[in-house]
1. So if we plug the beta-carbon distance of Gln113 and Ser10 into 1/(1 + (r/R0)^6) with R0 = 30 Å, what FRET efficiency do we get, rounded to 0.05?
2. If the elastic network links every pair of Cα atoms under 10 Å, which of Ala33, Ala97, Ala107 fluctuates the most in the Gaussian network model of the chain?
3. So which residue, out of Arg51, Arg62, Arg82, gets the largest mean-square fluctuation from a GNM of the chain using Cα contacts under 10 Å as springs?
4. Quick check: net charge around Ala49, other residues with Cβ under 9 Å of its Cβ, Lys/Arg +1 and Asp/Glu -1?
5. Between His30 and Arg62, what is the spin-label point distance in nm, taking each point 7 Å from the Cα along the Cα→C-beta axis?
6. Take the chain, compute every pairwise Cα distance, and split them into 10 Å bins from 0; I just need the percent in each bin.
7. Pick out which of Ile80, Ile53, Ile99 has the largest mean-square fluctuation in a Gaussian network model of the chain, springs linking Cα atoms closer than 10 Å.
8. Where does the charge balance sit around Gly11 when Lys and Arg score +1, Asp and Glu -1, over other residues with C-beta under 13 Å from its C-beta?
Amino acid sequence: MAPFSRDCLSGKTILITGGLGAIGKVVVAHLLAHAAQVAVNDFVPEEDAQRQIAEAGWPLDRCHYVDADMTKPDLVKSLIGRTVDRFGRLDVALCHAGIVVSGPVLALGSIPQKKKLFNSNFYVAHPAGSSGL
């Protein structure tokens, strides 16, 4: 089997949720290396996202940050619309949003912290799926 060409994703627009997490950053870098246009979604302040994108050296003409809380269906729909507005199309969505905790869940402490972890990892799939992602 031949290796992928460097431009095998040219003309394709890919949206990745959780794109600024550890795994997401690796995926984004590979997508950009193969000439994709990438809408990077995460739930961090715009200024922090732009700093991370600049530090990674991702090309701004093919990489665009789109913030949205993936547990909120109206924001998920907006995410899709803003991606299409920026790149003119959406070909692929990679749903990687979630929260990872290193250590026992019971050690999280408060009920609100546990609810946030649960909601982010359990409920995020429903709005994404029902919105067409």
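No lab work stands behind these numbers, since they all come straight from the coordinates. Everything quoted here is computed from the prediction, not taken from an experiment. Glycine gets a Cβ as well: all are built from the backbone with ideal geometry, and neighbour counts include every protein chain shown.
1. Efficiency, from the Cβ-Cβ distance: 0.10.
2. Highest fluctuation of the listed residues: Ala107.
3. Arg51
4. Net charge in that neighbourhood comes out at -4.
5. So the label points at His30 and Arg62 sit 1.6 nm apart.
6. Whole-percent P(r) values from 0 Å outward: 12, 41, 32, 12, 3, 0.
7. Ile99
8. Once all neighbours under 13 Å are counted, the net charge is +1.
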